[in-house]
Amino acid sequence: MAPILRVEKKPAREEVYQTSLEPKYQLIARDELHENENSREPALAQLREFIVKHPQIKQCRMDSAFLLRFLRNRKFNVTAACEAIVRYLTMKTLHPEFFKFDPLRLNKLIGEHLVVPLGQDAEGRLVLLIRYGQFNPEEHSPERQVNMIGLAIETHFDNEQYQVTGIVVVIDMLGISLAHLAVLTVPKLKVMTTITGEMKMVRIKKVHLLRVPSLAAKLAEFWISTTPAKLQQRMKFHKTLDTLKDDIDPEVLPTIYGGKQSLEEANEKFHKLALSQRDRFLKQAEMYIDLSIPAPNAKNANAALQSSVADESVIGSFRKLNVD
């Protein structure tokens, strides 16, 4: 039986973490993310204590599966992970319309096969297909589009493997029109970019932009300019399906893209998985940060963090690492 998900700052009992990672992924976690038996438990303890002591954070998941998303994304830089949790909860509080991950509410969108997790590639990374040009801009607002992308990501990122190996995104722009562009304001596009990337603590390993029409070139250029330099280096444009097949395993790629997998079957598998986790999504929606309470200043926040039961050397060792 799956453990009951809690969002109280002080869970009834503290879990004992046991990794579900295969040995080969444990090695990736060690070599790329600086995670090992000596760093993990102290880091989790520090993160939990930071959340408990932070006056603005009112409800937040405290389980290892959730907290490890932030630690792994920040390469076990505990200070950066603490900051990331605050930013995540802040975005969730300021823009709740982008965080409505309910598969029943999104049932119609799911049925249109617009955002489909395709499974894992040879490197164990999740491959996510976003058929952006097929969204109906008259029916699907930018908020609902982000909800759909967020649901696909959220459904898979309690999975430790994907927290470690990351995600490969394929964005198909075929079918995009002026109507798609008309609903996107610059401020909204920036919020969407922030939320769909960093705020979900996803390690984006590659982005394939497929069949970008000339009228969408400026949109793509602007979107890319708002992303971190490291992510920009991981983007690749494809004019045709032929070059995409050189980068994505045919076993994962849908048949309509020249691969071997049924898009409908992949989507149905995703739909069932999302429905099985609906209770988690609804409980997670209760997390929030109270922005009416004054934020602790940097000195106090750092002092609270460093008063953790964990050794300060764990923080110091990773303080200067860059985000991946």
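Observations
- Averaged per residue, segment 55-162 has 29 square angstrom of accessible surface, using a 1.4 angstrom probe with ligands and nucleic acids left out.
- Cleavage-rule hits (trypsin sites (Lys or Arg not before Pro)) in segment 1-91: DSSP loop, at most 14 neighbouring Cβ within 10 angstrom: 13
- Scanning residues 5 or more positions from residue 75 or on other chains, those with amide H under 5 Å from its amide H are 324, with H placed 1.01 Å from N in the peptide plane.
- A DSSP coil position with no more than 15 other Cβ atoms inside 10 Å describes the following chymotrypsin sites (Phe, Trp or Tyr not before Pro) in segment 1-99: 17.
- Most fluctuating residue given options 253, 68, 184, as computed from a GNM of the chain linking Cα atoms under 10 Å: 184
- Surface calculation, 1.4 Å probe, protein heavy atoms: residue 158 sits at approximately 40 Å² accessible.
- With K and R counted +1 and D and E -1, the other residues having a Cβ less than 9 Å from that of residue 175 yield a net charge of +1.
- Proximal aspartates and glutamates relative to residue 190, as straight alpha-carbon distance under 17 Å, when same-chain residues fewer than 8 apart are discounted: 97, 143, 198, 221
- Rg of the Cα atoms in segment 120-175, relative to 2.2 N^0.38 Å, amounts to 1.26.
- Per-residue SASA entry for residue 293, accessible area with 1.4 Å probe, Å² rounded to 10: 40
- Hull shadow area, averaged, segment 1-122 [alpha-carbon convex hull, nm²]: 9.9
- Of every Cα-Cα pair in segment 84-218, the percent that sits beyond 19 Å: 51
- Stokes-Einstein D for segment 40-99, Kirkwood Rh over Cα pairs, 10 °C, 1.306 mPa s (µm²/s): 136
- Solvent-accessible area, 1.4 Å probe, carbon plus sulfur percent, for segment 108-242: 57
- Loop trypsin sites (Lys or Arg not before Pro), segment 212-302 (other Cβ atoms within 10 Å of the site Cβ: 16 or fewer; DSSP): 234, 239, 260
- Segment 153-228 and segment 82-129 have their alpha-carbon centroids 11 Å apart.
- Cα gyration tensor of segment 155-239 - equivalent ellipsoid semi-axes, whole Å, descending: 24, 15, 12
- Among the listed pairs 100/206; 58/269; 188/218; 9/108, those beyond 24 Å (Cα-Cα): 100/206; 58/269; 9/108
The values are calculated or read from the model by the stated rules, or taken from the named source; none is laboratory data. Everything quoted here is computed from the prediction, not taken from an experiment. When we count neighbours, we look across all protein chains shown, and the Cβ atoms used for this are built from the backbone with ideal geometry, even at glycine. These accessible areas exclude ligands, DNA and RNA; they are computed on the full protein's heavy atoms, side chains included. Shrake-Rupley method; radii C 1.70, N 1.55, O 1.52, S 1.80 Å.
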